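Only the coordinates and a few stated rules stand behind these numbers; no lab work does. Everything quoted here is computed from the prediction, not taken from an experiment. Cβ placement follows ideal geometry from the backbone for every residue including glycine, while neighbour counts extend to all protein chains displayed.
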Amino acid sequence: MRAVIFDEFGARPEVREVPDPVAPPDGVVIRVEATGLCRSDWHGWQGHDPDIRPPHIPGHEFAGVVAAVGAGVRGWRPGDRVTAPFVCACGQCPACLAGDQQVCERQTQPGFTHWGSFAEYVVVRQADVNLVRLPDDLDHPTAAALGCRFATAFRAVVGQGRVAAGEWVAVHGCGGVGLSAVMIAAACGARVVAVDIAPGALDLARRFGATVCLDGGEFSGPGAVAAAVREATGGGAHLSLDALGSHATCVASVESLRRRGRHVQVGLLPVAQGRPALPMELVIAYELELRGSHGMAAHAYPELLRLVTAGVLRPGELITRTIGLDAVPEALTTMDGPGAGGMCIVVPR
Ligand SMILES: [Zn+2]
Ligand SMILES: [Zn+2]
């Protein structure tokens, strides 16, 4: 098969022929029809993920058709249209048995623990635990756009964030996951304050339902962005998300909250960059809640898919660019530059 592969961290990936994957006994081979390009792929290529051992094929947000099935798989057949969460679970550890597959103790992730989806085929292990059946009227690019970002945003806003109609929701950072959160919170009847430093991202946030858009670049000094959010929301957001993952946005998100507010951390905060200095005195005085959000279990997808097929949520509108495998090396290696906003989808053939 053709695949995008890199031989060393940071070295330019190339598109070349590699052996077709074989289905493991508990897994399937999926013919990739569409796959999203995500910042996590860039981090993996840079060597920021300890699971990756080059030569390696990145890619973890995909949709496709089951091409081959391992002998131990019961629920899936060739021809089934599927996607999978970016955290693939073992199905047997205490977290999995409690229904919390998104924090499985023995996770696998195509594109990280094994070769990923920037290829014509990809393997998903523990298929009976991890595959998600696609509704007939959901196309593959839209399903790939659910990816890690839209599904993660859904769990962050609806599950961990417990959003309610009429609440104020602040979203700090309007990249793929932040824009997804804006659309989901607005669809739930919340009033959304979107914060970013890129005017293009704020234009998209407005289009996806944000009531107030704040250009973070216009504020200077510690606490200024959070003060603007509190001002815009009449005393602070009920729910605030750090959808970027930086010390500044994390602290600003917590300081944006009103009393009894909920902060959900979605953007990754690698410990190598130190830990943010959180205002724990506010956490006590205001009885704030701080929660994390880490992907979404396969069994939680039907609720999300119902809202997508009903047209309430429109992840396809987040797709701003579609490219082939040959364009992935350039797109991946230039991802640390300023983003164009929205999502890039790769169609391998
Ligand atoms: Zn597990
Ligand atoms: Zn991703």
Kirkwood estimate for the stretch 7-100, i.e. one over the average of 1/r between Cα atoms, Å | 15.4
Taking the Cβ of V65 as the center, what net charge do the other residues with Cβ under 10 Å away carry, scoring Lys and Arg +1 and Asp and Glu -1?
-> 0
Per the 1/(1 + (r/R0)^6) rule, R0 = 45 Å and r from the Cβ atoms of R275 and H299, FRET efficiency to 0.05 is 0.85
Mean Cβ-within-10 Å packing, highest first, puts peptides 95-101, 83-89 in the order 83-89, 95-101
Checked against the positive end of the charge dipole of the chain (+1 on Cβ of Lys and Arg, -1 on Cβ of Asp and Glu, about the Cα centre), the farthest of C344, A144, L97 is L97
Proximal charge balance of F6 [Cβ under 12 Å; K/R count +1, D/E count -1] = -1
Could you state the number of Å between the C-alpha centres of the stretch 151-215 and the stretch 52-121?
-> 28
How much length, in nm to one decimal, is gained on full extension between H48 and S246, taken as 0.36 nm per residue of separation minus their Cα-Cα distance?
-> 69.7 nm
Which number do you get for Rg(Cα) / (2.2 N^0.38 Å) in the chain?
-> 0.97
Assigning unit charges at the beta carbon (Lys, Arg +1; Asp, Glu -1) and nothing else, what dipole magnitude in debye, to the nearest 20, does the chain show about its Cα centre?
-> 700
Taking a ≥ b ≥ c as the square roots of the eigenvalues of the Cα gyration tensor of the stretch 33-191, is the shape rounded (a/c under 1.5), prolate (a/b larger than b/c) or oblate?
-> prolate
Antiparallel DSSP bridges in the chain: what percent, to the nearest 5?
-> 50
Cβ-based charge dipole, the stretch 162-292, positive-most Cα from A194, L288, G216 | L288
Summed over the other residues with a beta carbon less than 13 angstrom from that of R53, with K and R at +1 and D and E at -1, the charge totals -4
Each label point is 7 Å from the Cα along the Cα-to-Cβ direction; what then is the distance between the points at R321 and V103, in nm?
-> 3.5
Distance in nm between A164 and R349 label points, each 7 Å along Cα→Cβ, equals 5.1
On Cα atoms only, tilt of 176-187 relative to the major axis of the chain in degrees | 60
At q = 0.09, 0.16, 0.18, 0.23 Å⁻¹, what is the log10 ratio I(q)/I(0) for the stretch 162-292, with the Debye formula run over Cα points and no solvent?
-> -0.21, -0.69, -0.88, -1.47
Cβ-Cβ FRET estimate between A224 and E287, R0 fixed at 22 Å, reported to 0.05 = 0.35
Computed label-point distance, nm, for sites A71 and C93 using a 7 Å Cα→Cβ extension | 2.8
Here, GluC sites (Glu not before Pro) of the stretch 270-349 satisfying both criteria (DSSP loop; at most 16 other Cβ within 10 Å) are E287
